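No lab work stands behind these numbers, since they all come straight from the coordinates. No experiment lies behind these values; they were computed from the predicted model shown. Reconstructed Cβ throughout: ideal geometry from the backbone, glycine too, with neighbour counts over all protein chains shown.
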Amino acid sequence: MRRLASLVALPVNLSNEMTKMKSNRVPRQKMAGAFPTIECIPYEGPKSTNPLAFKHYNAGEIVEGRTMREHLRFSVVYWHTFRGAGSDPFGAGTMLRPWDDGSNTVSNAQNRVRAAFEFIEKLGAPYYAWHDRDVAPEGKTLAETNKNFDAVAKILKEEQKRTGIKLLWGTANLFSHPRFVHGASTSSNADVFAFAVAQVKKALEVSHELGGEGYTFWGGREGYMTLLNTDMKREREHLAKFLHLAVAYKKQIGFQGQFYIEPKPKEPTKHQYDSDAAACLNFLREFDLLPHFKLNIEANHATLAGHTMQHELEVAGSAGALGSIDANTGDELLGWDTDQFPTNIYLAAYTMLSVLKYGGLQTGGVNFDAKVRRESFEPVDLFYAHIGGMDAFARGLKIAAAIRQDGRLAEFVKQRYASWDSGIGAKIESGKASLKEIEAYILKKGDVAKNVSGRQEFLENLINEFI
Ligand code: XUL
Ligand code: CO
């Protein structure tokens, strides 16, 4: 019965009955725990065949002067890992989550926190992330919802204190509830804007209370389905207004966490205003918001935007705005946000190459915005998924560090631009050459003397030496 409860949404009266039954039970923390057969995940090295051990993620190992733990700052997401039911448009949820009674109650939400922290602690991830509505149920009014949130945040705080696990970032879910049908801050309905502002205010307060190191704005439905009914100029201005209000409130309450914008081009809307890193940077600059934000780059979102993850990281990094990473991957043959756990070593290596190049993750982390497949419905699959992702990124980090240590790749790129280091190139870069002077220079030469090969295949082979 308990197991079944997590498979399907229960009728309200039945779930109330179950809550009553549950109240006679021993409190969760005194029980065997949610994952009684699983111990803390050890590091056993590359030769290990133990599926519940790390082969590459060795938290204390030093790479480029910092521990792997400090470089990677792994984070577990509450939404997929503890609220993902495994439903899809063709079928109900499949996930077996024995600790969850399936009810939409505060007490179930509080018990879930204990299970979540047991998981994160056993995994050895230092961070986690949530949406407000992942952790606590929505009430009949905003005031009741806020009360529910406080009641669960209290347990989050207790568990953070007990385990030392920290909040990487919080965020507000401004897309699931039907009120957000036309968006949140970009809704045609001003009351929806007001609701969203109030919701963000509360989510910021709770993030602050829990010592969150960041706060993310992902534009859930901030976009359009058709331009026929959309005043794009007004909607974008409202989005900017909304972010400015959040920036001001952050300052007012003394919240030090980094603000992030998470680009995504489409889904759920046809076009999201934060479509990719370049669009986000342009938007932030246009509305004087850039000093207050960095970007949270997600691999599957990059794919949907028709870019590679590396491209998005370079766009963000070269603008000094690379903040955090939502680590996942799409499926080559599926055109939507499948949010799979990242196991591709190339993806992880290229990601970490860009991260190291731009000085490493400071406030951000490698946040597994990824979900186990609907078919992977047992609790142990959550461990396999995260261990695989963490090992892939640990390998990515080591590979990236080795490529940097070797130096040939960086030297090649440096040499490729050598014509800019002296002569006319240096003069142009420093702004000292006028248009006429540049013309005179090339007129004198007559034509470009020579170009050098880009050596793509040579470089791809070089990368493979390290994989
Ligand atoms: C949606 C997505 C979100 C954000 C947080 O595609 O990535 O889960 O990461 O709102
Ligand atoms: Co994400």
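Observations
- Computed magnitude of the charge dipole of segment 320-467 (debye, nearest 20; Cβ of K, R +1, Cβ of D, E -1): 940 debye
- Phi to ³J(HN,Hα) by Karplus 6.51 cos²θ - 1.76 cosθ + 1.60 over segment 94-99, Hz, x for Gly, Pro: 10, 5, 8, 10, x, 7
- Once backbone amide H atoms are built at 1.01 Å from N, residue 272 has 266 as its partners under 5 Å, excluding neighbours fewer than 5 places away on the same chain.
- Applied to segment 148-159, the Karplus parametrisation 6.51 cos²θ - 1.76 cosθ + 1.60 on θ = phi - 60° returns per-residue 3J(HN,Hα) values of 4, 4, 4, 5, 7, 4, 4, 6, 4, 5, 4, 5 Hz, with x for Gly and Pro.
- Using the rule -39500 (n - 2.57) for each DSSP H run of four or more residues, divided by the residues of the chain, the 222 nm mean residue ellipticity is -14000 deg cm²/dmol.
- Pairs exceeding a 22 Å alpha-carbon distance, out of 294/432; 202/266; 202/251: 294/432; 202/266.
- Considering only 67, 308, 148, the residue lying farthest towards the positive end of the dipole of the chain is 148, judged by Cα position with unit charges set on Cβ.
- Amide hydrogen neighbours beyond the local backbone of residue 43, cut-off 5 Å, H modeled: 54
- Over the chain, relative contact order from alpha-carbon pairs under 8 Å, at least 6 apart, %: 15 percent
- Size of electric dipole in the chain: Cβ of Lys, Arg +1 and of Asp, Glu -1, about Cα centre, debye, nearest 20: 860 debye
- Ranked by the mean number of other Cβ atoms within 10 Å of their residues, highest first, the peptides 64-76, 340-352 fall in the order 340-352, 64-76.
- Dipole axis of the chain (+1 Lys, Arg; -1 Asp, Glu on Cβ), positive-most option in 333, 198, 41: 198
- Where both bridge residues fall in the chain, DSSP classifies roughly 20% of the beta bridges as antiparallel.
- In segment 421-463, taking the dipole from charged Cβ atoms about the Cα centre, the farthest positive-side position among 430, 441, 456 is held by 441.
- Antiparallel %, DSSP beta bridges [both residues in segment 198-300], to 5: 20 percent
- Pairs of Cα atoms nearer than 8 Å and 6+ residues apart set the relative contact order; for segment 72-120 it is 29 percent.
- Using θ = phi - 60° in the Karplus curve 6.51 cos²θ - 1.76 cosθ + 1.60, the 3J(HN,Hα) couplings for segment 134-145 round to 6, 8, 9, x, 6, x, 6, 10, 4, 4, 5, 4 Hz; x is entered for Gly and Pro.
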